[in-house]
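The values are calculated or read from the model by the stated rules, or taken from the named source; none is laboratory data. This structure is a prediction, so every number in the text was calculated from the model and none was measured. Glycine gets a Cβ as well: all are built from the backbone with ideal geometry, and neighbour counts include every protein chain shown. Side chains are part of the model used for accessible areas, which takes the heavy atoms of the whole protein and leaves out ligands, DNA and RNA. Shrake-Rupley method; radii C 1.70, N 1.55, O 1.52, S 1.80 Å.
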Amino acid sequence: MKRVLVPAGAVLAGAMTMIAARDVPTALASGSQLERGRAVYAEACAVCHGEDGRGGAGFANPIWGEGAQIRKFRHAAGLLEYNLMLMPFDDPTRVSDDDKLAVTAYILARHGALAQGASLSESNAAAIAIR
Amino acid sequence: MNRTDVARAERALVEKVLRREDLGRRRMFEVAAWSVVGAAAASTVPAAPVLAQAAAPARRILQKDDSRILNIGATVRSGKYWNFSTWITPVEEFYVRNHYPTPTADQKPELDPRNWKVKVHGNGLERELELGYDDLLKMRSRTIFATMECHGNGRTLFWEQLDMKDVTGGNWVLGAVGLAEWEYVPLSEIFARTGLKPDAKALLFWSGVDGAGDIGRPMPMREVLSRPDDIGLAFRMNGNPLLPDHGAPVRALVTGWGGAASIKWLTEIKVATHDFWVRLNTKAEVFAGPAYPKPTPAAGDEFRNVTPDDIHGPMVEWMPVKSFITVPLVIEKSPSLPVNYPLKRGELPTLASGRQTIRGYAWGPQHGLRKVEYRIDGGPWREAHIRPPNLGRYTWSRFDFEWDAPAGEHVIETRATDNAGITQPPTVPFNQYGMANNAVPRFRIRVV
């Protein structure tokens with residue numbers, strides 16, 4: 001029994017040390033990026049944060065809009081980095097980097113931090129303020 | 001057991017730990033699901049076509065690996081309490097609750113002991129003070145055996161036993177608690193250097209390096225001054241320098257309170273004549289619910305990255321009296337199942353029939369542990385044997401009892417009582433974030 005667990009732990013540990021080296025992909029065109037982000041949000045995020053971002057089964061506080069948690073990041077680069085590393089909560093490897101970029105754009109748009117027609121990329125993230 | 005037997009058993013245990021064997025997989029348990037160690041068993045969301053493309057590579061969130069801890073998600077690891085057997089919890093088995101990935105000296109040079117400093121300041125002090133790591137090590141320190149526990153430990157019971165489905169947060173089960181030997185410079189030593197004004201009202205522990213600059217926690221000075229030798233700046237855990245996941249090089253240590261008070265990667269202590277409002281005493285780590293009136297801030301209070309509207313309830317302080325036996329809880333109604341949980345959803349742990357010794361842990365840091373009781377299938381409460389040491393208020397104790405286990409499904413309950421006569425209740429009031437649930441736990445088990 002023990003022998004089953006130890007290799008599994010070792011595999012996990014090995015996976016954990018693979019620090020992301022590849023770049024976040026360049027932005028998709030804004031409309032399709034937001035559409036993609038909406039789909040990813042519904043699929044991977046809404047279960048915990050609610051369809052409307054105001055709270056769900058996993059997390060009670062709103063993530064966008066009035067009283068939003070994401071304000072603490074002050075700019076989109078912080079939120080993007082957080083999502084790339086830590087979300088979804090149960091398994092951050094479950095969603096691809098492309099999709100994380102898209103869903104971050106969607107969250108920013110819902111918060112009003114992403115101008116209409118604009119898109120999110122790794123290069124412009126630091127310049128997008130979250131207020 | 002007589003004294004010699006106890007000493008021999010402890011010695012054997014120490015040797016096992018030092019050999020880093022997989023401890024506590026007690027042979028009596030035939031837990032059938034050890035092979036369930038994959039993410040597939042865990043997700044709250046089924047894998048769906050839209051996400052079926054190549055997944056992102058794993059990034060290093062914590063320094064510890066998951067082999068001896070329970071992966072609750074993102075930055076959160078609970079203890080595999082069903083494997084606990086030692087009185088002191090090995091660091092490798094100790095829970096971790098971060099709000100962000102563990103910062104290390106590689107990324108944040110200010111965490112290198114050669115660079116680390118803590119600033120002690122505020123209008124509640126006579127003088128400011130800045131200390132480096134070497135300065136701290138030269139000061140008078142204490143060691144203390146104390147449990148540390150996450151406020152959210154036992155949140156599982158809201159879902160599994162109390163039908164409070166609206167509670168949110170990570171599914172810690174019961175293992176987000178451990179006992180360590182902490183070495184620290186007590187606040188009394190700090191105050192001896194800074195002086196303290198009589199109207200000092202609150203103290204804030206703050207990390208200037210953790211995450212988005214929103215991690216710190218205040219304490220009222222009346223609490224600090226009630227035990228200034230028991231609260232301080234910790235730099236060793238179980239005899240070794242702190243690991244990054246546990247706050248290296250220096251963290252706050254607030255014995256008896258939930259772990260959130262013991263701010264990791266500490267860089268600032270502020271003592272002021274006003275109160276502080278931060279993330280961890282407003283919209284997290286607070287009792288939010290109809291049974292808990294919201295505190296009201298006063299004019300002149302200090303808000304860091306929150307507003308008065310963010311205050312959802314009173315902050316959690318002391319951890320309440322609790323107990324568990326080393327049996328994994330059945331997870332049936334919880335919104336999530338930890339990835340490396342030993343049981344599938346709804347599965348019962350199994351135990352061989354016949355004479356069995358059931359073991360557990362109990363603690364109550366506010367007043368210290370007095371007694372532990374257990375009952376089987378709703379029968380009469382009986383007193384369990386508390387196994388020494390029971391070293392005062394901050395430590396836990398192991399307990400055990402014998403049970404002639406008949407075949408079939410059974411429920412074992414345990415309840416601890418502290419030295420103030422407070423006993424674990426059958427239920428606790430609803431609170432949104434699932435804090436500090438100390439309801440009597442019900443362990444369902446199948447005897448075969």
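Buried accessible surface for the B/A pair, both sides summed and rounded to the nearest 100, is 4400 Å² with a 1.4 Å probe. Counting, for every residue in A:65-71, the Cβ atoms of other protein chains within 10 Å of its Cβ and taking the mean gives 2. Here chain B exposes an accessible surface that is 50 percent carbon and sulfur, computed with a 1.4 Å probe and the other protein chains kept in place. Does segment B:299-366 come out rounded, prolate or oblate by the C-alpha gyration tensor, with a ≥ b ≥ c the root eigenvalues, rounded set by a/c under 1.5 and, if not, prolate when a/b is larger than b/c and oblate if not? Oblate shape, in that a/c is at least 1.5 and b/c is the bigger or equal ratio. For the segment B:59-67, counting C-beta atoms of other chains within 10 Å of every residue's C-beta and taking the mean gives 6. Residue ranges B:67-74, B:81-88 sort as B:67-74, B:81-88 when ordered by packing (mean number of other C-beta atoms within 10 Å per residue, highest first).
Would you give the gap between the C-alpha center of segment A:43-58 and the C-alpha center of segment B:374-448, rounded to a whole Å? Cα centroid to Cα centroid, the span is 35 Å.
For segment B:356-369, putting each phi into the Karplus relation 6.51 cos²θ - 1.76 cosθ + 1.60 with θ = phi - 60° gives couplings of 10, 9, 9, 10, x, 9, 9, 7, x, x, 5, 10, x, 8 Hz, in residue order, rounded to whole numbers and with x for Gly and Pro. Computed 3J(HN,Hα) for segment B:342-350, one whole-Hz value per residue from the Karplus formula 6.51 cos²θ - 1.76 cosθ + 1.60 where θ = phi - 60°, is x, 10, 6, 4, x, 7, 9, x, 10, glycine and proline marked x. Once the Cα atoms of helix B:3-18 and of chain B are each reduced to a long axis, what angle between those two axes, in degrees from 0 to 90 to the nearest 10, is obtained? Long axis of B:3-18 versus the principal axis of chain B: about 70 degrees. Working from Cα pairs under 8 Å separated by at least six residues, relative contact order for segment B:53-126 is 25 percent.
In debye to the nearest 20, how big a dipole does the protein assembly as shown give about its Cα centre with +1 on each Lys and Arg Cβ and -1 on each Asp and Glu Cβ? It works out to roughly 1000 debye.
Toward the positive end of the charge dipole of the protein assembly as shown, about the Cα centre and with charges on Cβ (Lys, Arg +1; Asp, Glu -1), which of B:273, B:379, A:95 goes farthest? Final value for the positive-end residue is B:379. Summing Lys and Arg as +1 and Asp and Glu as -1 over all other residues whose Cβ lies under 13 Å from the Cβ of residue B:380 gives a net charge of -1. Shape analysis of the protein assembly as shown places it in the oblate category; the axes a ≥ b ≥ c from the Cα gyration tensor give an a/c of at least 1.5, with a/b not above b/c. Cα extents for chain B along the principal axes, largest to smallest and rounded to whole angstrom: 68, 62, 45. Counts of other chain beta carbons within 10 angstrom of each beta carbon in peptide B:202-214 average 2. Note on residue B:165: aspartates and glutamates with a C-alpha under 16 Å away, same-chain residues under 8 apart excluded, are B:332. Protein heavy-atom accessible surface, 1.4 Å probe, per residue over the protein assembly as shown: 40 Å². What does the C-alpha gyration tensor say about the overall shape of segment B:273-427? Classify as rounded when a/c is under 1.5, otherwise prolate if a/b is larger than b/c, or oblate. Prolate is the answer for segment B:273-427, as a/c is 1.5 or above and a/b outweighs b/c. 3J(HN,Hα) along segment A:33-42: 5, 5, 4, 4, x, 4, 5, 5, 4, 4 Hz, from the Karplus curve 6.51 cos²θ - 1.76 cosθ + 1.60 with θ = phi - 60°, whole Hz, x for Gly and Pro.
Net length available on complete extension from residue B:332 to residue B:385 is 16.0 nm, with 0.36 nm assigned per residue and the Cα-Cα distance removed. Taking every alpha-carbon pair under 8 Å whose residues sit at least 6 apart, chain B reaches a relative contact order of 18 percent.
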